[in-house]
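Please read the structure below before turning to the comments.
Every number in this text was worked out from the coordinates using simple rules, so none of it is lab data. Computed from a predicted structure; not experimentally measured. Neighbour counts run over all protein chains shown; Cβ positions are idealised from the backbone, glycine included.
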Amino acid sequence: MKKSHFVYLALLFVWSCTKDPANPTAPTLQFPANNEACLEGESLNDTQKNVTFQWTQSSNAESYEITIKNLEAQTEQLYPSTGTGQTVALQKGKPYSWSVSALGAAGTQPAESETWKFYLAGDNVINYAPFPPELITPRSGATLTPNQEGEITLSWSSSDVDGDLTSFTVYLDKTNGSTKLKDIPFEAETMSLKVAVDLNTTYYWRVVATDANNNASDSGVYGFRTN
């Protein structure tokens, strides 16, 4: 066999034995705990506290990226990390959600954890407002086809660290989501409501959650269109 054939076979063998890097596995969140008030952390001043986020190590991960969202202000920040913990200064007395993405070698797909929610304890806070409702359907910008009765289904979810959520108020209109549609007693963390709508119309909706101490939280307004 010619020398060139040996070289070709050797290169083919090396190429066939080279594997693509493995994707990282999803990290598991550890602290702050889900759906609870976070009482730990170093108080920096009257309004801020340091919180150390913790999660498990992911296989094949080279670094991590933490996403922290202030659910009241609807603002989101990203923090890089090379380990399984990151300390972040946050506002006291606010609701947050957080998740962690594991990042691997070039060419691999990131793996994302679950998303957890918590309230960062404020000074002398005895009872916390419900978490702002998450609007599930319709999502903002969605287009829906009403059923034969001319109805669509609104659905949302919310929870409360104190376990005293009592009701939801649903708002729906064609302008800005400020028109009250219905008060609904709390029955479950995920709720739904069928509403009659017009065809080929843009609507705006939001949900306010209220607890037994009259603490309330607002989902923010989503817009959708019917066809």
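Numbers at a glance
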{"read-out": "Residue among N214, N147 that alone is exposed (fewer than 12 other Cβ atoms within 10 Å of the Cβ) and closer than 30 Å to P32 by Cβ", "value": "N214"}
{"read-out": "Yes/no for Y128 being closer than 29 Å to D160 by Cβ, out of contact with any Phe, Trp or Tyr (no Cβ under 7 Å at 6 or more places or on another chain) and among the aromatic types (F, W, Y)", "value": "no"}
{"read-out": "S59, sole failed condition from (1) closer than 19 Å to A216 by Cα; (2) free of Cβ contacts under 8 Å to residues at least 60 places away in the same chain; (3) not acidic (D, E)", "value": "(1)"}
{"read-out": "Residue ID - surrounded by the most Cβ atoms within 10 Å (Cβ to Cβ), chosen from residues in region 110-144 that are of a type in the set (D, E, K, R) and closer than 25 Å to Q57 by Cα", "value": "K117"}
{"read-out": "In region 98-124, the residues that are of a type in the set (V, I, T), touching a residue at least 60 places away in the same chain (Cβ under 8 Å) and assigned to a loop (DSSP other than H, G, I, E, B)", "value": "T108"}
{"read-out": "Leading residue by the ranking (farthest from the chain's Cα centre (by Cα)) among those in region 56-83 that are crowded, with 18+ Cβ neighbours inside 10 Å and over 25 Å from V161 (Cβ atoms)", "value": "A61"}
{"read-out": "Complete set of residues in region 147-188 that are touching a residue at least 60 places away in the same chain (Cβ under 8 Å) and either assigned to a strand (DSSP E or B) or over 22 Å from the mean Cα position of the chain (by Cα) (or both)", "value": "I152, W156"}
{"read-out": "Per-region count, region 125-146, residues assigned to a loop (DSSP other than H, G, I, E, B), closer than 30 Å to V197 by Cα and of a type in the set (S, T, Y)", "value": "2"}
{"read-out": "Residues of region 160-174 classified as out of contact with any Gly (no Cβ under 8 Å at 6 or more places or on another chain) and surrounded by 19 or more Cβ atoms within 10 Å (Cβ to Cβ), total", "value": "6"}
